[in-house]
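The values are calculated or read from the model by the stated rules, or taken from the named source; none is laboratory data. Keep in mind the model is a prediction, meaning the values are calculated, not measured. All Cβ positions, glycine included, derive from the backbone under ideal geometry; neighbour counts span all protein chains shown.
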Amino acid sequence: MSTTTVPTTVTAVATAPAAAIEPPAGPPGPVATALTVAGRSVRRFVRTPQLLVVSTTTGAMFLLLFRYVFGGAVETGGIAYVDFLVPGYLVTSVLFTGSEAATGVAEDMEQGVTDRFRSLPVSRAAVVVGRVLAEWLLLTLGLVVTAAIGVAVGFRPDGTALEVAAAFGLCSLFGFAALWLFALIGLTAGNVQAAQGMSLMVFPLSFVSSAYVPVDSMPGWLQAVAEHQPVTVVTDAVRSLALGDPAAAGLDGSTAGSVGLALAWTAGLVAVFAPLAVQRYRRP
Amino acid sequence: MSHDTSAPTIEAVGLRKRFGEVEALAGLDLVAEPGRVLAVLGPNGAGKTTFVRTLATLVRPDAGELRVAGVDALRHPERVRRAIGLAGQYAAVEQAMTGRENLRMVARLFGHDRRRARAVADAVIERLGLAEAGDRLVRTYSGGMRRRLDLGASLVGAPRLLLLDEPTTGLDPRSRNELWDAIRALVATGTDVLLTTQYLDEADQLAHRIVIVDHGRVIADGTPGELKSLAGRDVVEVRARRADDLPALAAALAPLGAGEPRTDTATSRVAVPVETGRAAVAAAVRVLDDIDVEVDDIGLRRPTLDEVFLTLTGRPAEAADEPAETDTRGEQDELVASR
């Protein structure tokens with residue numbers, strides 16, 4: 001077991017003899033890039049129990065508060081408050097989940113992760129798309145949990161299975177649209193505190209809407225705002241689908257009409273904010 | 001993809017970048033030959049980080065030309081990204097993934113297929129001495145281990161040029177030494193390295209060539225030895241037994257010097273630049289005989305990079321948090337030991 005040469009002059013290097021690493025054949029395609037980036041976000045969520053616990057319990061807590069504390073004081077016409085509340089609650093929950101995505105994106109910028117990704121030979125658009133798709137998956141799983149809690153506290157949708165599924169799908173799609181906005185916020189803010197500050201706009205957006213209380217209980221000038229913002233539009237459509245009756249949702253028109261309007265808003269948000277977010281990320 | 005391997009690794013001509021009022025790069029010129037470690041040294045705000053970010057295609061300069069690994073970085077940034085690896089001032093690794101998973105992820109993003117990404121990640125983690133911790137979540141790593149992993153992430157794409165932006169900032173001395181070893185091992189495998197640092201001894205330890213940057217411009221350029229001789233003279237250094245004596249000591253030594261004596265209270269030393277080398281030491285001994293100061297040590301040495309920096313800029317490098325015990329001051333020519 002004798003070695004012939006002992007390199008005594010070399011300082012103790014905690015490294016093995018280095019085999020040269022072959023460079024890759026070429027840069028990765030956009031799909032591989034998006035999936036790789038998405039895999040990181042999903043793992044991060046799954047392996048950070050605090051995230052799971054905090055997001056689930058805050059979601060449940062506010063649902064319980066509205067259901068049992070404020071709910072008794074809210075006049076919602078012919079339907080039970082819980083049936084009024086849960087569709088709206090699901091729609092606004094995507095905004096709160098989305099604002100956490102903004103924080104995550106900003107954190108990556110703060111900690112140099114974004115610089116690392118930008119310095120790699122990948123499509124920058126694919127990086128953003130992968131991130132948003134992963135957040136969308138997580139957001140949709142969160143919707144499942146929230147909906148289950150809704151059912152547990154007495155929510156009983158009267159719509160057909162198809163209508164209920166469509167209501168759920170619409171919540172998820174609206175979440176997808178919102179995530180582009182929040183990605184843009186995270187990238188623009190550049191640090192966690194600023195991202196959290198900018199995400200506060202979620203509160204007026206959620207509360208000045210038909211999500212938690214009927215809009216006609218608000219003063220006239222506020223009704224004008226509430227009725228023409230996307231949260232109300234999407235909430236009305238989701239409520240109309242879930243309850244199987246536009247009148248129960250306080251709507252004059254048809255379910256199809258309100259769903260159409262909600263989809264238009266959703267598509268419009270994606271059309272505006274997705275290119276802006278990608279542009280923001282690519283900008284050197 | 002083929003890079004011209006004889007071309008300079010970096011060719012920067014007249015790079016300018018302004019952020020609002022601040023001119024981060026003010027006409028920076030630099031050519032880096034392959035096969036060498038280049039240290040960019042300068043205080044906070046000198047433009048080092050902006051320069052690295054420009055090389056990494058994260059910042060687009062307002063004016064100037066830049067070729068990295070023979071590629072025009074302004075016209076083809078995507079081709080530059082295939083040739084570089086970047087490790088920034090932060091450990092940009094995912095805490096909720098293991099060391100291996102982090103490296104595999106970045107390897108995939110460099111373009112390795114799944115199988116190769118696995119092999120490359122294993123090789124790099126081994127090379128960095130993290131094999132044992134490789135399957136643990138990064139959130140259990142120490143700061144030094146995270147930095148090493150971050151260095152590894154910049155390597156999995158087998159970059160021709162490695163960009164290290166203040167790689168050891170904030171690390172304790174032991175972690176710093178480990179990272180230095182890792183960087184030295186890399187250099188031995190033929191990777192070109194550009195590193196920025198505020199630490200003069202770091203540049204001295206790692207680099208073949210040092211470029212000193214101040215106010216967005218290169219103000220000096222050479223080997224560590226050349227830069228030390230830029231300060232032009234030797235230094236007589238005297239250590240007082242009691243810190244109270246330092247002012248008296250400085251006053252007594254001042255007439256010997258070709259420049260102002262410099263007092264370092266942390267180490268109880270007074271250093272004075274001299275023209276005449278050994279004769280100056282003899283003179284210093286005679287002067288000290290005449291004053292009532294207890295002295296531990298008198299020595300003649302070459303100027304440190306710290307002093308070079310002071311000479312060049314008229315102000316000290318902002319590396320005051322550097323413990324003086326990490327003693328890398330030039331050739332300490334101990335003529336006279338304690339009296």
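Quick rundown of the values:
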quantity	calculated
Residue count for the range B:124-149, restricted to those that are within 8 Å of chain A (Cβ to nearest Cβ), outside any loop (DSSP other than H, G, I, E, B) and crowded, with 20+ Cβ neighbours inside 10 Å	2
Single match in A:Leu141, A:Leu173 (criterion: buried (at least 19 other Cβ atoms within 10 Å of the Cβ), in a helix (DSSP H, G or I) and either within 19 Å of the chain's Cα centre (by Cα) or at positive phi (or both))	A:Leu173
Qualifying residue in the range B:33-43 (condition: part of a loop (DSSP other than H, G, I, E, B), modelled with pLDDT of 90 or more and either facing another protein chain (nearest Cβ under 10 Å) or in contact with a strand residue (DSSP E or B) (Cβ under 9 Å, 6 or more places away or on another chain) (or both))	no
Helices (runs of 4 or more DSSP H) completely within the range B:182-285 that count 1 or more residues being under 15 Å from B:Glu307 (Cα atoms)	B:200-206, B:224-230
Scope the range A:205-227; condition part of a helix (DSSP H, G or I), under 18 Å from A:Thr97 (Cα atoms) and more than 17 Å from the chain's Cα centre (by Cα); matching residues	A:Phe207
Filter result (within 25 Å of B:Ala123 (Cα to Cα), modelled with pLDDT of 85 or more and more than 7 Å from chain B (Cβ to nearest Cβ)) within the range A:1-33	A:Gly29
Set A:Glu75, A:Glu100, A:Glu110: member being charged (D, E, K, R), on the phi < 0 side of the Ramachandran plot and within 14 Å of another protein chain (Cβ to nearest Cβ)	A:Glu110
Search result, residues across the range B:9-28 that are of a type outside the set (Val, Ile, Thr) and outside any strand (DSSP E or B)	B:Gly20, B:Glu21
Unique match (being farther than 20 Å from A:Arg283 by Cα, in a helix (DSSP H, G or I) and more than 11 Å from every other protein chain (Cβ to nearest Cβ)) among B:Arg100, B:Arg104, B:Arg108	B:Arg100
Residue that is hydrophobic (A, V, I, L, M, F, W, C) and under 21 Å from A:Ser55 (Cα atoms), where the choices are A:Ala211, A:Ala189, A:Ala166	A:Ala211
Qualifying residue in the range A:91-102 (condition: farther than 26 Å from A:Leu241 by Cα, among the hydrophobic types (A, V, I, L, M, F, W, C) and either surrounded by 17 or more Cβ atoms within 10 Å (Cβ to Cβ) or without any contact (Cβ under 8 Å) to a residue 60 or more places away in the chain (or both))	yes
